[in-house]
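S.K.: My questions will all concern the structure given below.
Read the figures in this text as sums done on the coordinates, not as results from a lab. Computed from a prediction, not measured in an experiment: that's the story for all the values here. All Cβ positions, even for glycine, are placed from backbone atoms using ideal geometry, and neighbour counts span all protein chains on display.
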Amino acid sequence: MSRPVVRIRHRALRRAWIWPLAAGLACTLTWSSPAGAGPSDTGLKGALDKVLRDPRTDGGAVSVVVADAATGERLYQRDSGDRLMPASNTKLATSAAAMAVLGPDHRFSTDVLTTGRREGSTLTGDLYLRGSGDPTLLAADYRRLAADVAASGIKRVTGRLVADDTRFDDQRLGRSWAADDESAYYSAQISALTLAPDTDYDAGTVVIEVAPGARPGERPRVKLTPPTDYVRLDVSATTVGTGRPDTLAVSRDHGTNTLRISGDVPVGAAAAKEWIAVWEPTGYAAAVFADALAEHGVRISGTPRLGRPTPAGARTLASHRSMPLSELMHPFMKLSNNMHAEALTKEMGHRTSGQGTWDAGLAAIAAQLEKEGVRTSTLRQADGSGLSRMNMFPAAELAALLLSVRDAPWFADWYASLPVACAPDRAVGGTLRSRMCGTPAALNARGKTGSLTGASALSGYVTDAAGRELVYSVVLNNYLASSVKSIEDAVVVTLASSDTAAGTITPASPPRARTAEPDASLECSWHKPAAC
């Protein structure tokens, strides 16, 4: 007996539908449709089952859901209640909760304050730099803050610069984050006071550019962005003759900000560019701001003091406000920015409980997920970004979330932040910009990608050939292949190519040249320069 089609508009009614739905759910590629497909391949189940029988999934785990976006009707499911690592699909939960808990108009504020007294151009007392978690601050923003302090007439500060990062706790790294990722920019330390080197807004990192010298034996040319003495460069690399192997390596010593540039760089080689996480981002921000004050003629004695709260009653000398959350969502979700996810998680904890901690933030996310009809008893969320391998989500709950948020007042902004298949502009296509090109899913499917070694996911929305909007969630784990992205894509392309209501299914098959797929052990946008 077929299920009646019922359009559900009211959020409470939609959640009442999603609960039983969830409870009952225990690089340009060349696509082809198999010729002479038999009866078992003509329906959606047969088509998707065939895609998911790809040998790369042998011995692995698969959790998949496809549903009608308007009604919640389940059209396909496979092991949809199994808990698997979602990788960056975790950001679906974090971002949706942030839009609901903080609101699309939320802005982070970074302030310069004092309790000291003015005597002409001298400020007697300390100067406080107070952060509230903004992961999009640039060196230029700190220079503007310093310019405003100078414009107020202050030329000398008798006290110290105090860096106030106390809105968040001092736990810098998430649970079970890999130790060998410590200096990786996508695993940077989280602080309420930080800065990013460029408009990818990778907070807590610096950029190192290394170019060969003009002749063999010369020291390579090294550029640091932003320029700061907080990071020490130890350059032992050497320029070698044209045609010699390029063995350049950039690393950071554990527990320090000593960056070691070693190896050989051939004459004429293109400049290499590396993003490296700093040790203690609060000190990094304070050092860059102190330099900016000096550039604007404000003298301040001593080294910055870190982690001290701003006294009550301090007056504001300068302030910077971030872009609204509705805009921040774009670099966050399009580029799968881990530091944005964790800053928002801690800010949600501060908003709901006054504690800027992972535990408080994750509790806020869980409470919002429950409001959306997601069964939090069936999942585990250990961080905001999905970098932790402790995260466990069934595809059923990811689909339940995607269904529920469609009538949220902030949905349009959130939906716009999802990467778009084959949209060439990195700010639009994000981590999907090189996928599903030349198919009906191109410029149609939107979704959040996810990649860790042995874990891959893609969940989002796609319109089928007859204009029916569908929700899909594909989570694949425990495979040994370098990539299973084309399997995910084949599921979505099949949906985009078919009239699912009429049962006219046009199956897609993953490309046979699987060895041509890039290694997808990490999100493509985490490979710098951008690989997608």
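S.K.: If I take R0 = 45 Å and measure r between the Cβ atoms of V235 and D359 in this structure, what FRET efficiency does the formula 1/(1 + (r/R0)^6) give, to the nearest 0.05?
M.R.: Efficiency computed from Cβ-Cβ geometry: 0.60.
S.K.: Further, regarding this structure: Around L443, which amide H atoms from residues at least 5 apart in sequence, or from another chain, sit under 5 Å from its own amide H, with H modelled in the peptide plane?
M.R.: Residues meeting the amide H criterion: A421, C422, A423.
S.K.: Right, another one. Through the Karplus equation 6.51 cos²θ - 1.76 cosθ + 1.60, θ set to phi - 60°, convert the phi angles of region 316-332 into ³J(HN,Hα) values in whole Hz; use x for Gly and Pro.
M.R.: After applying 6.51 cos²θ - 1.76 cosθ + 1.60, I find 8, 9, 7, 8, 10, 10, 6, 4, x, 4, 4, 8, 4, 4, 5, x, 4 Hz.
S.K.: Let me ask another. For the pairs K45/K448; K155/K528; K50/K371; K223/K448; K91/K273, flag any whose C-alpha to C-alpha distance is greater than 29 Å. Before the final figure, lay out each step's value.
M.R.: Details: K45/K448 23 Å; K155/K528 41 Å; K50/K371 36 Å; K223/K448 34 Å; K91/K273 27 Å.
Exceeds cut-off: K155/K528; K50/K371; K223/K448.
S.K.: Now, a different point. What shape does region 205-277 take by its C-alpha gyration tensor, where a ≥ b ≥ c are the square roots of the eigenvalues and a/c under 1.5 counts as rounded, a/b above b/c as prolate, and the rest as oblate?
M.R.: prolate
S.K.: How large, in Å, is region 259-329 by the Kirkwood hydrodynamic radius built from its alpha-carbon pairs?
M.R.: 17.0
S.K.: Let me ask another. Could you state the per residue volume, in Å³, of the convex hull enclosing the Cα atoms of region 316-400? Walk me through the numbers before you get to the answer.
M.R.: On the way: hull volume 10.5 nm³, N = 85.
It is 123 Å³ per residue.
S.K.: Please list, in order along region 126-132, the HN-Hα scalar couplings obtained from phi with the Karplus expression 6.51 cos²θ - 1.76 cosθ + 1.60 (θ = phi - 60°), rounded to whole Hz, x for Gly and Pro.
M.R.: Couplings: 8, 10, 9, 10, 10, x, 10 Hz.
S.K.: Sticking with this structure for a sec: Using each residue's phi in region 481-497, evaluate 6.51 cos²θ - 1.76 cosθ + 1.60 at θ = phi - 60° and report the 3J(HN,Hα) Karplus result to the nearest Hz, with x for Gly and Pro.
M.R.: Result, rounded to whole Hz: 5, 5, 7, 10, 4, 5, 5, 4, 4, 5, 4, 5, 5, 4, 5, 5, 8.
S.K.: As a test of the formula, what do you get for the chain when each DSSP H run with n ≥ 4 contributes -39,500 (n - 2.57) and the sum is divided by the residue count, at 222 nm and rounded to the nearest 500 deg cm²/dmol?
M.R.: So the calculated ellipticity at 222 nm is -7500 deg cm²/dmol.
S.K.: Around S459, which amide H atoms from residues at least 5 apart in sequence, or from another chain, sit under 5 Å from its own amide H, with H modelled in the peptide plane?
M.R.: Correct list: K448, V474.
S.K.: Would you please give the residues with an amide H less than 5 Å from that of L470, counting only those at least 5 places away or on a separate chain, with H modeled from the backbone geometry?
M.R.: Those lying under 5 Å, H to H, from L470 are A69, V462, T463, D464.
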